[in-house]
Amino acid sequence: MTFPTPLLDARFARQKDCDEQARQQILQMTQHWLGNHAARYGIKGGYIFGSVTLPDRFSDRSDVDLAVETHKTGDICALMGDLSMHINRDVDLIPLDQCHFADKIRRIGLPWTQNASPG
């Protein structure tokens, strides 16, 4: 037996809309910040992947997943901390040269490069 749940359904729809707006805002903030600041940490490009790149998968508990092509110089932990403070989210960072699923990230991730961020 099923029960009608219009109030609950409406609440879930509002939360879904809020989550999607937050996802888009955090993705844009992340791209912008990386485009302007990543080189300071020795990173010229990489990929954003995971729930922040996928509609209907992002929530208030989601983090931002980054994979970087090179990080020969600079402080990766400082980058993670500074970006995390800027977007108010946890940030996970993966060096692609040490990742066994790097090819998959390159295929599905959203590429970013220094000074190539939107707006």
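The values are calculated or read from the model by the stated rules, or taken from the named source; none is laboratory data. Everything quoted here is computed from the prediction, not taken from an experiment. Don't worry about glycine lacking a Cβ; one is built from the backbone with ideal geometry, like all the others, and counts go over all protein chains shown.
Sort out which residues of the stretch 5-48 are of a type in the set (Ser, Thr, Tyr) and surrounded by fewer than 16 Cβ atoms within 10 Å (Cβ to Cβ), and write them in order of number. Passing the criteria: only 5.
Matching residues to (1) hydrophobic (A, V, I, L, M, F, W, C); (2) under 25 Å from residue 100 (Cβ atoms):
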{"site": "7", "(1), (2)": "yes, no"}
{"site": "14", "(1), (2)": "no, no"}
{"site": "28", "(1), (2)": "no, no"}
{"site": "38", "(1), (2)": "yes, yes"}
{"site": "41", "(1), (2)": "no, yes"}
{"site": "47", "(1), (2)": "no, yes"}
{"site": "61", "(1), (2)": "no, no"}
{"site": "81", "(1), (2)": "no, no"}
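Being part of a loop (DSSP other than H, G, I, E, B), in contact (Cβ under 8 Å) with a residue 12 or more places away in the chain and of a type in the set (D, E, K, R) is a condition met by no residue of the stretch 11-33. Of everything in the stretch 74-113 that is modelled with pLDDT under 95 and of a type in the set (Val, Ile, Thr), the residue that is farthest from residue 53 (Cα to Cα) is 76.
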